[in-house]
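Data block below; observations after.
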Amino acid sequence: MYWIPICSIVCVAVLAVILWRYEESIGRVVLKVLFPKREFGKGDLIHIYVNDDYNRKAHITGLSESVVSIYDKLALPIGYRGRFYAIGYSPDGDKFVYVGDKRHYRFVRLAEVMRKFFEISDYDNFMPDDEVEDGDETEEADDDEE
């Protein structure tokens with residue numbers, strides 16, 4: 001008679017341990033199934049929302065670790081890079097959301113809730129282009145010549 005509650009408690013405990021141990025991996029799979037994948041780079045068109053209001057669409061002219069540049073002059077913050085979006089907060093407290101397709105904005109809130117629940121780290125999205133430093137190339141060339 002007591003075996004049903006005991007089995008239920010054991011099943012819940014095992015499930016909790018699995019979720020705790022593999023939380024980010026499970027979250028990445030869930031996000032992969034539910035949300036689109038879109039990679040952004042220099043020259044791509046993005047739609048920008050400021051404080052949940054549509055602001056504009058613009059082409060990316062530059063990317064760095066924490067900044068996306070548009071119009072070659074305007075630097076906007078990036079704090080988190082998702083599968084299909086990025087979010088940044090200005091020092092004034094304004095929230096910036098960047099999406100590639102305007103229709104995907106409606107999924108951002110759900111993706112953020114799931115990201116916080118599963119504690120998912122950044123995706124390789126909105127990443128700066130890797131540039132090879134001239135110093136590294138010349139050192140390797142000098143070694144080959146000797």
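The values are calculated or read from the model by the stated rules, or taken from the named source; none is laboratory data. It should be emphasised that the depicted structure is a prediction, and the values quoted were computed from it without experimental measurement. When we count neighbours, we look across all protein chains shown, and the Cβ atoms used for this are built from the backbone with ideal geometry, even at glycine. To get the accessible areas, we keep the full protein, side chains included, count just its heavy atoms, and leave off ligands, DNA and RNA. Shrake-Rupley method; radii C 1.70, N 1.55, O 1.52, S 1.80 Å.
Annotations for the structure displayed:
- Subset of region 68-104 [open to solvent by less than 20 Å² (accessible area, probe 1.4 Å) and either over 22 Å from Met114 (Cβ atoms) or aliphatic (A, V, I, L, M) (or both)]: Val68, Ile70, Leu76, Ile78, Ala86, Ile87, Val97, Val99
- Within region 31-67, being in contact with a Lys or Arg (Cβ under 8 Å, 6 or more places away or on another chain) and closer than 23 Å to Phe117 by Cα holds for Leu31, Lys32, Phe35, Pro36, Lys37, Arg38, Asn51, Asp52.
Residues are listed down the side, and each one gets a yes or a no for (1) in contact (Cβ under 8 Å) with a residue 24 or more places away in the chain; (2) in contact with an Asp or Glu (Cβ under 8 Å, 6 or more places away or on another chain):
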position: Gly27; (1), (2): yes, yes
position: Val33; (1), (2): no, no
position: Lys42; (1), (2): yes, yes
position: His47; (1), (2): yes, yes
position: Asp53; (1), (2): no, no
position: His59; (1), (2): no, yes
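- Scanning region 21-51 for residues that are touching a helix residue (DSSP H, G or I) at 6+ places or on another chain (Cβ under 9 Å) and either open to solvent by less than 30 Å² (accessible area, probe 1.4 Å) or over 19 Å from Ile120 (Cα atoms) (or both) turns up Gly27, Leu31, Phe35, His47, Tyr49.
- Of all residues in region 105-121 being open to solvent by less than 30 Å² (accessible area, probe 1.4 Å) and in a helix (DSSP H, G or I), the one that is modelled with the highest pLDDT: Val108
- Note on region 122-146: residues that are surrounded by fewer than 10 Cβ atoms within 10 Å (Cβ to Cβ) and either modelled with pLDDT of 90 or more or in a loop (DSSP other than H, G, I, E, B) (or both) amount to 7.
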